[in-house]
Amino acid sequence: MQNASTTPTIWNGLAAAMHDIEQRLGLRQLKRGMLAMLAGWLAYFIVINMWVRALNKVTVPFLDMPLGIFLVAQGTAVIFVAAVVLLTRASGRAIAA
């Protein structure tokens, strides 16, 4: 059975270790960037969702698909590429440090 008096010491040690890792790798900037990207992604899809019925009345030429579906696919691809670029830059900074 665990001793309850040592548990806070363990958590404090883990918190200090995580803080040290965050400072070395610059994870705070990565976290801010990812949260900003998440907010932009949510805002984009909320706007598309609000207008999806009107957008789906328009068909994208050559693809023969509704515009709402096309915009959702484009948004997903853009966010994926942005995440890859953000993570690549963060890992490059971590290796250089």
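The values are calculated or read from the model by the stated rules, or taken from the named source; none is laboratory data. Note that the coordinates shown come from a computational prediction; the quantities given were computed from them, not determined experimentally. Reconstructed Cβ throughout: ideal geometry from the backbone, glycine too, with neighbour counts over all protein chains shown.
Considering each residue of the stretch 30-62, count those that are within 12 Å of the chain's Cα centre (by Cα) and surrounded by 13 or more Cβ atoms within 10 Å (Cβ to Cβ), and give that number. Residues in the stretch 30-62 being within 12 Å of the chain's Cα centre (by Cα) and surrounded by 13 or more Cβ atoms within 10 Å (Cβ to Cβ): 6 in total.
In the stretch 26-39, the qualifying residues are those that are assigned to a helix (DSSP H, G or I) and in contact (Cβ under 8 Å) with a residue 12 or more places away in the chain, and the one that is farthest from Q74 (Cα to Cα) is L27. Pairing each residue of the stretch 53-64 that is assigned to a strand (DSSP E or B) with any residue that is aliphatic (A, V, I, L, M), provided the two are 6+ apart or on different chains, yields C-beta distances under 8 Å for T59/M65; T59/L67; V60/L67. Of all residues in the stretch 67-93, those that are more than 21 Å from N49 (Cα to Cα) have Cβ atoms under 6 Å from Cβ atoms of residues that are modelled with pLDDT under 90 and assigned to a helix (DSSP H, G or I), 6 or more apart or on another chain, in A82/M37; L86/G33; A90/L30.
Exactly one residue among I21, I79 is β-branched (V, I, T), at pLDDT below 80 and assigned to a helix (DSSP H, G or I), and that residue is I21.
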